[in-house]
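Below is one structure, written out as structure tokens; comments come after it.
The values are calculated or read from the model by the stated rules, or taken from the named source; none is laboratory data. Only a predicted model underlies this, so the values are computations on that prediction, with no experimental measurement involved. Note that we place each Cβ from the backbone using ideal geometry, even for glycine, and neighbour counts take in every protein chain shown. Ligands, DNA and RNA are excluded from the accessible area calculation, which covers all protein heavy atoms including side chains. Shrake-Rupley method; radii C 1.70, N 1.55, O 1.52, S 1.80 Å.
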Amino acid sequence: MKILVGISKAPDTTTKIKFTNDNKEFDESGVQYIVNPYDEWYALVRGIEVKEAQGGSVTTITVGKEDVDPIIRKALAVGADDAVRIDSEPKDAYHVASQIANYAKENDYDMVLLGKETINYNGSQVGGMVAEIMDLPYISNASKMDLDGNKATIVRDIQGGKETLEVETPFVLSAAKGMAEQRIPNMRGIMAARSKKLEVVEPVDAEELTEVVSYALPPEKGDVKLVDPENVEELVELLHKEAKVI
């Protein structure tokens, strides 16, 4: 089984978010980056589990400049066999999807796995675009995948429940919580990651279909009003008249 896993960087969850250039750019100064958890914990680990059970290989693919190499090495330490970096600044979802799809088409993968979204943009766009460009089946928000030869039985989260689908390889999938359990790289994996192949590939020409107009921080949280737990009537009145949620 030949598996390609999309890996992206995301700011550590403790990062204090700031913007620059008239609120049109994210201020990266002093930011500590991590592997996007949906990519690492669910897509990558499930790909590694499939390789361990059935044989094959797991390659990660990242669109970015050389500053993302430490993030890629982390993914290699988790257990990927090798990595590819498309040498291009990730400008928008279509641009990123075009790079991944072009490489995947040229190298004949059985599965392309991605996290359902990044924790910094929450766009959930790249997986669907990759599948469309490659003209392959796409399963989103997948929380479980079982394989029988080249047939996969996949459970995905839908509003109010779950849906079970069957699909034959090749296909594209975006992974959600439940697909796998996080793996912590051990010392052996960290040492091995240093010598694993990281191939840098030139990008293909691809349109940018969107542009950032501005970023804005969410409004600051208001004051907290404490209510005696025995005073249910006051709580109901506040929820009705002030919060206006009931």
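Some points to look at:
- Acute angle (nearest 10 degrees) that the helix 69-78 long axis makes with the longest principal axis of the chain, alpha-carbon atoms: 80
- Globularity index of region 104-246, i.e. its alpha-carbon radius of gyration over 2.2 N^0.38 Å: 1.58
- Among Ile72, Thr169, Val50 - extreme Cα towards positive end, dipole of the chain, charges at beta-carbon: Val50
- Candidate residues Asp135, Asp157, Asp39: accessible-area rank, largest first, probe 1.4 Å: Asp135, Asp157, Asp39
- Given 15 as the ceiling on other Cβ atoms within 10 Å, longest exposed-site-free region of the chain for GluC sites (Glu not before Pro) in DSSP loops: 29-180
- Relative contact order (%) - criterion: Cα under 8 Å, at least six apart; region: the chain: 24
- Hits among lysines - C-alpha to C-alpha of Lys221 under 26 Å, sequence gap 8 or more where chains match: Lys16, Lys18, Lys24, Lys241, Lys244
- Only alpha carbons enter this Debye calculation for region 1-48, each as an equal point scatterer, and the log10 of I(q)/I(0) it gives at q = 0.15, 0.23, 0.24 Å⁻¹ is -0.52, -0.82, -0.85.
- Where N is the number of residues in region 143-191, Cα Rg divided by 2.2 N^0.38 Å: 1.48
- Each of Ser8, Val232, Gly149 was placed along the dipole of the chain (beta-carbon charges, centred on the mean Cα), and the one lying farthest toward the positive end is Gly149.
- For Lys51, the lysines whose Cα falls under 19 Å of its own Cα, not counting residues fewer than eight places away in the same chain, are Lys2, Lys74, Lys144, Lys151, Lys196, Lys197.
- Note that the chain presents 59 Å² accessible area per residue, ligands and nucleic acids not counted, probe 1.4 Å.
- Dipole moment magnitude, nearest 20 debye, the chain about Cα centre, only Lys, Arg, Asp, Glu C-beta charged: 780
- In a DSSP loop and with at most 10 other Cβ atoms within 10 Å, the trypsin sites (Lys or Arg not before Pro) in region 177-212 are Arg194, Lys197.
- Stokes-Einstein translational diffusion, region 116-168 - Kirkwood Rh over all Cα pairs, 1.306 mPa s, 10 °C, in µm²/s: 130
- For region 1-74, trypsin sites (Lys or Arg not before Pro) meeting the loop criterion (DSSP other than H, G, I, E, B) and having at most 15 other Cβ atoms within 10 Å: Lys16, Lys18, Lys24, Lys65.
- Annotation: the chain has a Kirkwood hydrodynamic radius of 19.8 angstrom, from the mean reciprocal C-alpha pair distance.
- Between Thr153 and Leu238, the simple label model (points 7 Å from Cα in the Cβ direction) yields a spacing of 5.0 nm.
- Between region 51-130 and region 175-191, the Cα center-to-center distance that results, in Å: 16
- DSSP finds beta bridges in the chain, and of those with both partners inside it, around 45 percent are antiparallel.
- A Gaussian network model of the chain, with springs between Cα atoms under 10 Å, assigns the largest mean-square fluctuation among Leu226, Leu165, Leu113 to Leu226.
- Measuring nothing but protein heavy atoms, the accessible surface of region 1-131 at 1.4 Å probe radius is 42 percent carbon and sulfur.
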